[in-house]
Structure formats: C-alpha cells, structure tokens
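Trainee: Please read through the structure below; I'll follow up with questions.
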Amino acid sequence: MSGEKAGGWLSRLKPDWYIILIISMVALASLLPARGAAAPVFGVATQVAIALVFFLHGAKLSREAVIKGVTHWRLHLLVLAATFVMFPVLCLGLAALPGAITPAALAPGLIFLGCLPSTIQSSIGFTAIARGNVAATVASATASNLLGIALTPILAAVLMHTQGGFSLESAQSIVLQLLLPFIAGQLLRPWVGPWIAKRSKMVGYVDRGSILLVVYSAFSEAVVEGIWSKVSTLDLARLLILCCVLLAAVLLITLFAARACRFNKEDEITIVFCGSKKSLASGVPMAGVLFPGAQLGMILLPVMIFHQIQLMACAVIANAYAKRADTEPQTS
C-alpha cells in the first residue's frame with residue numbers, strides 16, 4: 001500500500017505532457033522563429049486563437065457553477081483577496097528588489113504574474129485529491145477567472161504603466177479580443193453549449209493548441225529581438241528561486257489566514273489551493289493582448305516557471321492533506 005501511495009505521489013510530481021509541449025514551443029521558437037513574411041501570418045493567427053479561447057471559455061462556463069457557492073462569501077472574499085491583493089503586493093515587492101536579486105528585464109513579468117486569476121482545473125483536481133470542499137473550489141475558481149477578465153488588465157494598467165509594460169490604448173484590444181468573444185460565448189451558450197459539452201476533448205485540444213500557438217508566436221518575436229542575449233542562465237536561476245519563495249509565502253499566508261478565520265479543514269484546503277495558484281491558461285492569451293510582441297516573451301517566462309512549480313508543490317501538499325484526512329476527522 002505504501003509503495004502504491006509513493007508511486008502515485010511521484011507520478012503527480014512529474015511535469016505533464018502539456019508543460020513539455022509549452023517548453024518545446026519555446027525551444028522551437030528559439031531555433032526556428034517566425035521571421036519575415038511568416039511573422040504577420042502568425043500574428044493574425046494568434047489574435048484569432050486568443051479570441052477563440054475566450055469564446056470557448058464563455059460558452060463552457062455554467063452559470064449554475066457560479067451561483068452554487070456564492071453564499072459562502074467569507075471563503076470567496078478570502079480567496080479573491082489572496083489572488084488580487086496579496087499576490088500583486090508580494091510580486092511588486094519582489095520586482096522592486098535590487099537587480100542583483102531580481103533581474104530588471106524579468107521584473108514586469110513578475111508583476112503581471114501577480115495580476116492573474118487563479119486556476120480552475122488544477123485547483124479542483126488538487127482539492128479533490130486532498131478531500132476538500134470541491135463545490136466551493138468550483139465556485140471560487142470560476143469567480144476568480146470571471147473577475148480576472150476585467151481585474152487583470154486593470155491591475156496591469158495600474159501597476160505596470162510607469163514601467164512601460166501596459167498602455168491604456170490596449171483597452172480596445174481587450175474588449176475586442178477578450179470581453180466580446182467571452183460575452184458572445186455566454187449568449188450563444190444555449191445553442192452551442194450542448195455541442196461543446198459533447199466534444200469536450202476536441203475543444204480542450206483547441207484551447208490548449210491556441211495557447212501553444214501564442215507561446216510560439218510570442219517567443220519567436222522575442223528571439224528575433226534578442227531575448228536570450230538579455231536573459232542569462234543566472235537570471236533564470238534567480239527567477240526560479242524567486243518563484244519558489246513567492247509560492248512558499250502565499251501558501252503559508254493562505255494557510256494561516258484560513259486557520260485564523262476558523263474555517264474547517266475542507267474550506268482551508270479550498271483556500272490554500274485557490275488562493276495560491278495563478279492561471280497559465282488565462283495568463284498567456286491575456287499577455288498576448290496586453291503587451292507588444294517584443295516584450296511578450298519576457299513577460300511570460302515568470303508565468304510559465306511559476307506554473308510548473310505550483311503544480312509540483314501542490315501535488316505534495318494535496319497528498320499530505322489526503323493522508324491527514326485518513327487519520328483525522330474533519331472539523332465543522
């Protein structure tokens with residue numbers, strides 16, 4: 001039994017194939033970036049892909065999932081405060097550290113990381129493994145992503161404007177590429193929702209394939225602009241350490257906050273997993289709209305590194321919670 005548990009624990013530590021594909025897109029763009037006449041083609045394809053991603057999000061989103069946990073307002077407020085208040089403050093602090101600690105070229109990406117909404121799929125998955133409040137996780141993560149469509153651009157505008165990382169003129173792009181497709185998906189949900197539900201696997205491929213295209217296009221332009229001459233191996237190592245420190249801080253803060261507010265164990269698990277994560281699925285297309293292509297690769301590096309670290313760490317934590325649930329009764 002212990003061997004089987006150890007095997008399952010180790011399997012959850014391994015990066016999944018999608019993370020490998022994302023890293024492969026970075027490698028492909030580094031070796032064979034889109035140049036010349038191909039660059040505008042990939043640019044248009046990327047814009048269409050971003051709009052498609054948010055249309056599918058709007059069409060897939062169930063209004064019942066949002067309504068179902070709304071009454072648990074204390075939990076949701078704590079998760080939203082962690083996602084859109086605590087995270088940005090911590091990331092601003094890391095970005096303000098001396099260049100010897102935080103590379104100046106990667107500081108805007110750290111700030112953008114702090115502005116992103118929480119994840120949905122992995123938050124629900126880890127909560128289920130840990131035997132937490134899955135229903136509250138669905139509602140809280142969904143609310144985070146809904147609000148993130150508006151809050152992430154606003155936070156980016158406020159926190160990054162002075163660093164040249166965001167222009168208010170991009171508001172039109174946000175409306176056209178994010179909000180309108182999302183609203184269209186919601187409005188058409190009664191007609192396209194059942195069709196999408198029956199083809200969830202195909203839609204998942206489209207969703208993930210769109211993100212791969214955005215990553216390749218972003219890093220192609222970044223490589224042409226000389227990203228790897230601006231970021232050294234030492235910079236990447238420092239970024240890795242910063243992301244580990246950031247994740248450890250948010251995990252501890254959300255844990256102690258949940259216990260200080262006297263939430264039961266199931267709600268604590270929801271708060272820890274929803275409040276400590278940042279969405280790569282939302283972050284990549286949003287960055288594609290908000291930032292110029294030459295800057296996009298540098299913006300996405302912290303997001304991709306943090307995403308992989310959070311999956312590995314939360315796999316360990318979910319396993320620990322699951323073992324504790326076997327031996328300790330849940331408090332009310």
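Trainee: Which residues, taken from region 221-237, are open to solvent by less than 50 Å² (accessible area, probe 1.4 Å) and in a helix (DSSP H, G or I)?
Mentor: Once the filter is applied, which keeps residues that are open to solvent by less than 50 Å² (accessible area, probe 1.4 Å) and in a helix (DSSP H, G or I), region 221-237 yields Ala222, Val223, Ile227, Asp235, Ala237.
Trainee: Another question, then. Against the definition (buried (at least 23 other Cβ atoms within 10 Å of the Cβ), of a type in the set (S, T, N, Q) and closer than 26 Å to Ala156 by Cβ), how does Gln295 come out, yes or no?
Mentor: Answer is no for this residue.
Trainee: If you don't mind, another one. Kindly check whether there is at least one residue in region 206-214 that is open to solvent by 90 Å² or more (accessible area, probe 1.4 Å) and either of a type in the set (D, E, K, R) or at pLDDT below 80 (or both).
Mentor: Within region 206-214, one or more residues are open to solvent by 90 Å² or more (accessible area, probe 1.4 Å) and either of a type in the set (D, E, K, R) or at pLDDT below 80 (or both).
Trainee: Among what's in region 282-292 and is of a type outside the set (Val, Ile, Thr) and farther than 17 Å from Gly114 by Cβ, pick the residue that is surrounded by the fewest Cβ atoms within 10 Å (Cβ to Cβ).
Mentor: Pro292
Trainee: Here are some residues: Arg131, Arg74. Which one is open to solvent by 60 Å² or more (accessible area, probe 1.4 Å), in contact (Cβ under 8 Å) with a residue 24 or more places away in the chain, part of a loop (DSSP other than H, G, I, E, B) and farther than 27 Å from Leu236 by Cβ?
Mentor: Arg131
Trainee: Hey, could you check region 156-176 for residues that are at pLDDT 80 or above and out of contact with any Phe, Trp or Tyr (no Cβ under 7 Å at 6 or more places or on another chain) and say which is most open to solvent (accessible area, probe 1.4 Å)?
Mentor: Here the answer is Val158.
Trainee: Within region 250-277, count every residue that is open to solvent by less than 10 Å² (accessible area, probe 1.4 Å) and free of Cβ contacts under 8 Å to residues at least 60 places away in the same chain.
Mentor: The qualifying residues number 1.
Trainee: Kindly indicate whether any position in region 57-69 is at pLDDT 80 or above, loosely packed, with under 12 Cβ neighbours inside 10 Å and in a helix (DSSP H, G or I).
Mentor: No: zero hits.
Trainee: Could you tell me whether Ser123 is at pLDDT below 85, in contact with a Cys (Cβ under 9 Å, 6 or more places away or on another chain) and small (Gly, Ala, Ser)?
Mentor: Yes, satisfied.
Trainee: Can you tell me which residue within region 190-205, out of those that are open to solvent by less than 20 Å² (accessible area, probe 1.4 Å) and among the β-branched types (Val, Ile, Thr), is farthest from Gly43 (Cα to Cα)?
Mentor: Ile196
Trainee: Among the residues of region 35-56, which ones are touching a helix residue (DSSP H, G or I) at 6+ places or on another chain (Cβ under 9 Å), modelled with pLDDT of 75 or more and under 16 Å from Ser210 (Cα atoms)?
Mentor: If the condition is that a residue be touching a helix residue (DSSP H, G or I) at 6+ places or on another chain (Cβ under 9 Å), modelled with pLDDT of 75 or more and under 16 Å from Ser210 (Cα atoms), then Phe42, Gly43, Ala45, Thr46, Gln47, Val48, Ala49, Ala51, Leu52, Phe55, Leu56 are the ones that fit.
Trainee: Quick check, is Leu78 closer than 17 Å to Ile253 by Cβ and of a type outside the set (Lys, Arg)?
Mentor: yes
The values are calculated or read from the model by the stated rules, or taken from the named source; none is laboratory data. Not measured: the values here are computed from a predicted model. Using ideal geometry, Cβ is built from the backbone for each residue, glycine included, and neighbour counts are taken over all protein chains shown. For accessibility, only protein heavy atoms count, side chains too; no ligands or nucleic acids. Shrake-Rupley method; radii C 1.70, N 1.55, O 1.52, S 1.80 Å.
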